[in-house]
Amino acid sequence: MPAFTRFVKNAPRFRMAPRSQRARWGWALVTWLLAGAAAAETPKTQSVDWRDQVLYFAMIDRFADGDTSNNDQNAGVFDPADGSKYSGGDLRGITQRLDYIEGLGVTGLWITPPVANQWWDEEARFSGYHGYWASDFSAVDAHYGTLDDYVALGQALDGRRMTLVQDIVVNHMGNFFAYDDWREGEPAHSWRRTRGSRPMDRPTQWPFSQNDPNDPAQRALSVYHWTPPVRDYTNKVQELTFQMAGLDDLDTSSPVVRRALRKSFGDWITKVGVDGFRVDTAFYVESEFFPDFQHSEDPEAPGVLRVAAAQGNPRFHLFGEGFGIDKPFEDVQMRKIDAYQRVEGGIPAMIQFPMYGTFGDVFARGHAPAELAWRIERTLAVHADPWRMPTFIDNHDVDRFLAGAGEPALKQALLAMLTLPGIPVLYYGTEQGFRAQRDAMFATGFGSGGRDHFDTAHPLYRQIAAMVNLRRAHPALSRARPEILAADGAGPGVVAWAMQGDAEAGSTDGDRLVVMLNTAEDRRLLDLDGLPAGARLVPLLALDGEGPVLQAGADGRVLGELPARAGGVWRVELAPHKAPTASTPTAPTLDPVLAVADGDLVLTGTLPPGLDGLLVVDGDLRRAQRLIADAEGRWRETVPTDDFIDPKATHRVVVLAGDGLASPGQTFRVERDWALLAEATDPEGDDAGPEGRYRYPTDPSYADEASMDLRGMRVFGSGGALAIELTMGEVLDSWNPANGFDHVAFSIFLSLPGRSDGATAMPGQNAALPEGRRWQVRLRTHGWSNAAFTAEGADADRDGTPLVPGARIAVDQARKLVRFEFPAAALGHPADLSGLVVHATTWDWDGGWRGLTPEGGGHTMGGGDGASDPRVMDAMTMSVD
């Protein structure tokens, strides 16, 4: 709603308000007037095309503190030194920093839920600073400010013609009740109120306050499902009706609940002018809920799309969270996500979590670019409108990208996100190089290091702004269908796609743009097909330095090279003259018969007379092998394959000769044999820390309390490649983890043969390797992350330098096995593995190493002090003779 309209509707409140509030409202009106009366005649929402939106996602409590008077609500929950408590960020602080946000080129702001929350859950030992534990959906939380502060934020965004997206929760409230011995069909049995809830013991908003099944009237109202926490997220009944992480699950099939939710969130559209909703935990709400939520004709509580239309916003948008990440070349979660969008009248868009997972695999963990190419093509095939489905690299529920990768990889992932279908979302702090999930941007907030982080000169800030502005200048990047031009199929390498604009829509709209990225840490062969004969590729943006001008041959093939971690966007310019004819010398050849001898690959072929050649496998120019032909023009070469540890990976080989001569590429696969090098067992039930006093978290999802119990280790070798196979007490996957296991985080340290350098500290674990040993390579992995590091720069707090490629993960849940495979490149191509020492440890992870306190808790380890005691539940050491 335009600011002036809101001002007129609230005129009686304005006259009755205190002077300070009238002053703020007056400034908001001035802001609107300065923005120009045209905005009132043509509201921004009339012209919003969500395909072209770029959103900045800010966590209110951690972004900016604009009013210190609301920080401490005298409930013992404000402590910026404690990441589990409130830090002081608020709505007024966000308003004051809009110049900073807008400077990135973004078109909209998404904020975490601003509604009144349960401030403290004593049983979880955690606060609701994040906004997702509601006590009243209709009120602004006192820590964040007032309704007037929120109105002022909405008006300020209107003045900038920026959109406002509010995060909402319809699945649950805070944690106000629990069960000690739940029985199905007996909601009153063992029901109790959560101990130590602050500042209230139940929601303050009706009907959500009616949460006691011991009262027949409240039980009959059926506002809640009255269930225990989910133990198995693969169970559909539990997923839809049980408590997620102990949060009180609403019965969203109830007409009473549906009406209350429509009224609560519809009012934010009316009062503040919200332009869209992000729906938290949408997977845990039946998809049939959303048609009613959006389109209900109830005159007292109409659907939110009807409310928005009545306010002059016919393009109000909703998108839901469905936390599901697919394994490479799988689309199970994609199809589950899409099902929510296919319900008639249902939620129009979901967040692209599977794409997020692939971005991390390819750009941070060294997976083959072919995985990204496949995901792009499946996205277009599975989803009817991926252009309005948000994409992201970082958010508040996952590890920061930089927690396991370097800035060059981050910039590549951001460029991919900003040049593919979807609504790109930038999580606060990414532009400042944040590595921790929820550190504060402002000097007095948690994890800030005592300084503000609103640096518009930061290289990442400027790079992101350049990418966003390029996207906005070329609609093809936000509206076209990508066409894959190249995608290396084994390990890091080159990926490229074209985006063709609409020539009828305008000059820049008709551009054909090409995005190219080299995900490897060394230079790679660029080999593109499918371009117009003789076309020139002119760089528009390069991640580092200046991109080269490239030329296609008469066959539309582009040959060249991309430096390590290079990336950019090129515009295709058609040749103004006749394309060159194919009057070049004879090209080299590569015989189709491929043989394997002693684990290596033997290749043969021919070279043009008088020319030497280069044999290039998987685009790796650094390890290209020089070819010299015999008197008959024939050549023969052996290629080591101990980097080829994935039998499903498609490798590609090409021969280069002379200036621009190349053989057609050929593909092949390799399946190596693994030899057992060492094995040992570990005692059952010793997963209790170094002194035997640690306890598992009490949450029921930890089941038999054996997910961190190491029972055995086997080490395998294949040339210089390494495989480590761990036998566990149990392998859980109740939270549907992308890596196939959860409720455990592995930290595996490799002391390489013949090496005396490295580090002794075990980063983040308050421990050092036994016997003063040093490690050179480390793997840190849990259900949703897989990061490898070298010891360079590592200490007690810092992981070290990200290593690409890392390890492949395979899980055999029935046999309770988790297997990690390292290519020889990750270990520096050792001749063999004799003398290797492996030290494997277990703990757990929740946005960082899981907490450890003397008393423990639902999601906290017990029996120690996390500030000083080792974060090691179980450990094994093994040497290879």
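The values are calculated or read from the model by the stated rules, or taken from the named source; none is laboratory data. Source: prediction; values computed, not measured. Cβ coordinates were reconstructed from backbone atoms using ideal geometry, including for glycine residues, and neighbour counts include every protein chain displayed. Heads up: the accessible areas ignore ligands, DNA and RNA and are worked out on the full protein's heavy atoms, side chains in. Shrake-Rupley method; radii C 1.70, N 1.55, O 1.52, S 1.80 Å.
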Testing Val257 on (1) touching a strand residue (DSSP E or B) at 6+ places or on another chain (Cβ under 6 Å); (2) buried (at least 21 other Cβ atoms within 10 Å of the Cβ), one condition comes back false. Which one is that? (2)
Output the residues belonging to region 627-649 that are over 13 Å from Thr604 (Cα atoms), open to solvent by 50 Å² or more (accessible area, probe 1.4 Å) and either part of a strand (DSSP E or B) or of a type in the set (Ser, Thr, Tyr) (or both). none
Among the residues of region 335-387 satisfying the criterion of being among the basic types (Lys, Arg) and surrounded by fewer than 19 Cβ atoms within 10 Å (Cβ to Cβ), which is farthest from Asp618 (Cα to Cα)? Arg342
Can you tell me which condition Leu305 does not meet? The list is (1) hydrophobic (A, V, I, L, M, F, W, C); (2) over 25 Å from the mean Cα position of the chain (by Cα); (3) surrounded by fewer than 20 Cβ atoms within 10 Å (Cβ to Cβ), and all the others hold. (3)
Spot the failing condition for Arg693; the list is (1) open to solvent by 70 Å² or more (accessible area, probe 1.4 Å); (2) out of contact with any strand residue (DSSP E or B) (no Cβ under 7 Å at 6 or more places or on another chain); (3) without any contact (Cβ under 8 Å) to a residue 40 or more places away in the chain, and only one is missed. (3)
If we scan region 537-553, do we find a residue that is at pLDDT below 95, among the hydrophobic types (A, V, I, L, M, F, W, C) and open to solvent by 20 Å² or more (accessible area, probe 1.4 Å)? no
I'd like the full set of residues that are open to solvent by 50 Å² or more (accessible area, probe 1.4 Å) and either assigned to a strand (DSSP E or B) or more than 16 Å from His839 (Cα to Cα) (or both), limited to region 764-792. Ala768, Trp784, Glu792
Taking region 815-868 and keeping residues of a type in the set (S, T, N, Q), in contact with a strand residue (DSSP E or B) (Cβ under 7 Å, 6 or more places away or on another chain) and either part of a loop (DSSP other than H, G, I, E, B) or surrounded by 18 or more Cβ atoms within 10 Å (Cβ to Cβ) (or both) leaves Thr841, Thr842, Thr860
Taking region 87-114, which residues are in contact with an Asp or Glu (Cβ under 6 Å, 6 or more places away or on another chain) and open to solvent by less than 20 Å² (accessible area, probe 1.4 Å)? Ser87, Gly88, Gly89, Asp90, Leu91, Gly93, Thr112, Pro113
Looking at region 115-131 only, could you name the residues that are closer than 29 Å to Arg160 by Cβ and crowded, with 23+ Cβ neighbours inside 10 Å? Val115, Ala116, Asn117, Tyr129, Gly131
In region 165-183, what residues are out of contact with any Lys or Arg (no Cβ under 8 Å at 6 or more places or on another chain) and crowded, with 21+ Cβ neighbours inside 10 Å? Val169, Val170, Asn171, His172, Met173, Gly174, Asn175
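State all residues of region 699-717 that are outside any loop (DSSP other than H, G, I, E, B) and at pLDDT 95 or above; if no residue qualifies, say none. Walk me through how you get there before you give the answer.
Applying the first criterion (outside any loop (DSSP other than H, G, I, E, B)) to region 699-717 yields 700-702, 710-717.
Within region 699-717, Leu710, Arg711, Gly712, Met713, Arg714, Val715, Phe716, Gly717 meet the criteria.
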Out of all the residues in region 446-479, which are open to solvent by less than 10 Å² (accessible area, probe 1.4 Å) and part of a loop (DSSP other than H, G, I, E, B)? Ser448
Just to be sure I understand, how many residues within region 219-233 are over 35 Å from the mean Cα position of the chain (by Cα) and within 15 Å of Asp249 (Cα to Cα)? 3
With the requirement that a residue be of a type in the set (Gly, Ala, Ser) and touching a Gly at 6+ places or on another chain (Cβ under 6 Å), what does region 150-173 give you? Gly154
Name the single residue, out of those in region 607-623 being free of Cβ contacts under 8 Å to residues at least 60 places away in the same chain and under 29 Å from Arg672 (Cβ atoms), that is most open to solvent (accessible area, probe 1.4 Å). Arg623
Residue, least open to solvent (accessible area, probe 1.4 Å), within region 721-763, restricted to residues that are charged (D, E, K, R) and farther than 28 Å from Tyr284 by Cβ: Glu725
